[in-house]
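Working notes, beginning with the structure itself.
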Amino acid sequence: MDPSFSGPIKIGRINSKVERALGLSLTSDVSVYLEERDLNHLASARPNDYLKTIDEITGILKQPDYVRYEESNDTILYLKEYIKGGLFTKVAVEILHEGEPKRWRFSKLFCLGEELTKTLNAAKLFVRPIES
């Protein structure tokens with residue numbers, strides 16, 4: 001990493017489709033940031049493809065297939081469905097609303113297993129953002 005880099009970088013925003021689908025009325029900054037510690041973690045864990053991973057995160061934030069809001073810990077979970085290597089895969093991005101001042105920040109990127117997906121879908125915890 002460039003030693004002159006410091007601070008969070010903006011990687012996306014909570015768009016109005018997501019806000020409406022979740023029934024939220026956000027009055028604060030809707031930008032989503034990647035904190036320096038998370039960028040450093042991605043760069044050390046995936047030195048050859050961390051930029052591709054960041055690009056995947058921004059793509060999921062921009063056009064999710066499903067979203068979910070967890071009020072108890074002020075998080076939004078974005079879900080994208082792909083066919084990768086001939087396999088149907090669900091990839092999730094979690095963002096948290098925290099800090100002082102509060103802002104939305106990337107928390108994690110992970111694949112959703114089949115059992116967890118069934119549980120979440122059965123409970124109708126995800127909604128599909130739609131064009132308006």
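The values are calculated or read from the model by the stated rules, or taken from the named source; none is laboratory data. Note that this is a predicted model, so its numbers are computed, not measured. Here the Cβ is made from the backbone with ideal geometry for all residues, glycine too, and neighbour counts use every protein chain on show.
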Single condition Pro64 does not satisfy, out of (1) under 12 Å from the mean Cα position of the chain (by Cα); (2) assigned to a strand (DSSP E or B): (2)
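Each row is one residue, and each column tells you yes or no for (1) on the phi > 0 side of the Ramachandran plot; (2) among the β-branched types (Val, Ile, Thr); (3) exposed (fewer than 13 other Cβ atoms within 10 Å of the Cβ).
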| residue | (1), (2), (3) |
| --- | --- |
| Leu26 | no, no, no |
| Val30 | no, yes, no |
| Asp49 | no, no, yes |
| Asp65 | no, no, no |
| Ile76 | no, yes, no |
| Lys90 | no, no, no |
| Glu98 | no, no, no |
| Trp104 | no, no, no |
| Leu109 | no, no, no |
So how many residues does the range 19-55 have that are among the acidic types (Asp, Glu), at pLDDT below 95 and in a helix (DSSP H, G or I)? 3
Surrounded by fewer than 16 Cβ atoms within 10 Å (Cβ to Cβ) and either at pLDDT below 95 or not in a loop (DSSP other than H, G, I, E, B) (or both): does that describe Glu81? yes
For the condition surrounded by 12 or more Cβ atoms within 10 Å (Cβ to Cβ), within 17 Å of the chain's Cα centre (by Cα) and without any contact (Cβ under 8 Å) to a residue 60 or more places away in the chain, what is the one hit in Glu36, Glu71? Glu36
Within the range 79-106, which residues are under 18 Å from Asp55 (Cβ atoms) and touching a residue at least 40 places away in the same chain (Cβ under 8 Å)? Leu79, Ile95, Arg105, Phe106
For the list (1) touching a strand residue (DSSP E or B) at 6+ places or on another chain (Cβ under 9 Å); (2) buried (at least 16 other Cβ atoms within 10 Å of the Cβ), I need the number of the one condition that Glu19 fails. (1)
